[in-house]
Amino acid sequence: VQLQASGGGLVQAGGSLRLSCKFSGSMFRSYEMGWYRQAPGKQRELVASISSSGNTNYTDSVKGRFTISRDNAENTVPLQMNSLKPEDTAVYFCSAMLVRSVVYAYWGQGTQVTVSS
């Protein structure tokens, strides 16, 4: 499995960005997909996740502003980010996890999101 994240950039506060994660490999539909972020000097945190059945989960600070989805035909996981705040500035990472008799977990490279005030 390989994950390719894209869509980061510089945006003013209140603006929007759309990140995308491209999954290369098999069994995409079975994976739980997630977006994490890591700001300088802080631990990596889960931003949003979406299960194989489409159930979503968000960290409190992004609820109502961010939307995660999945396209099982294109093997992609978009993250729509609206009403961006300076505190959303971080490197954003895509993740994939599949739990069977063992846990399969993969990370993509990060994409920088910078929100100016």
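The values are calculated or read from the model by the stated rules, or taken from the named source; none is laboratory data. Just so it is clear, the structure is predicted and the values come from calculations on it, not from any experiment. Cβ coordinates were reconstructed from backbone atoms using ideal geometry, including for glycine residues, and neighbour counts include every protein chain displayed. All accessible areas refer to the heavy atoms of the entire protein, side chains included, with ligands and DNA or RNA removed. Shrake-Rupley method; radii C 1.70, N 1.55, O 1.52, S 1.80 Å.
For the reader, a short list of remarks on this structure follows.
- Set of aspartates and glutamates with alpha-carbon distance to residue 63 below 16 Å, sequence-local pairs under 8 removed: 45, 87, 88
- Debye log10 I(q)/I(0) at q = 0.13, 0.18, 0.23 Å⁻¹ for the chain, Cα point scatterers: -0.45, -0.86, -1.34
- Positive dipole terminus of segment 25-74, leading residue within 72, 43, 27 (C-beta point charges): 43
- Neighbourhood charge, 15 Å Cβ-Cβ cut-off, centred on residue 21 and excluding it, Lys, Arg +1 and Asp, Glu -1: +2
- Sparse-neighbour loop sites [trypsin sites (Lys or Arg not before Pro); segment 45-117; at most 16 other C-beta within 10 Å; DSSP]: 63, 65, 100
- Per residue, the solvent-accessible area of the chain (1.4 Å probe, heavy atoms of protein chains only, all protein chains present) comes to 53 Å².
- Cα-derived Rg to Rh of segment 71-117, Kirkwood definition: 1.09
- Cα-centred dipole magnitude for the chain, charges only on beta-carbon of K, R (+1) and D, E (-1), debye, nearest 20: 40
- Estimated distance in nm for a label pair at residue 65 and residue 27, the labels positioned 7 Å out from Cα along Cα-to-Cβ: 3.6
- Modelled spin labels at residue 6 and residue 85, positioned 7 Å past Cα toward Cβ, are 3.0 nm from each other.
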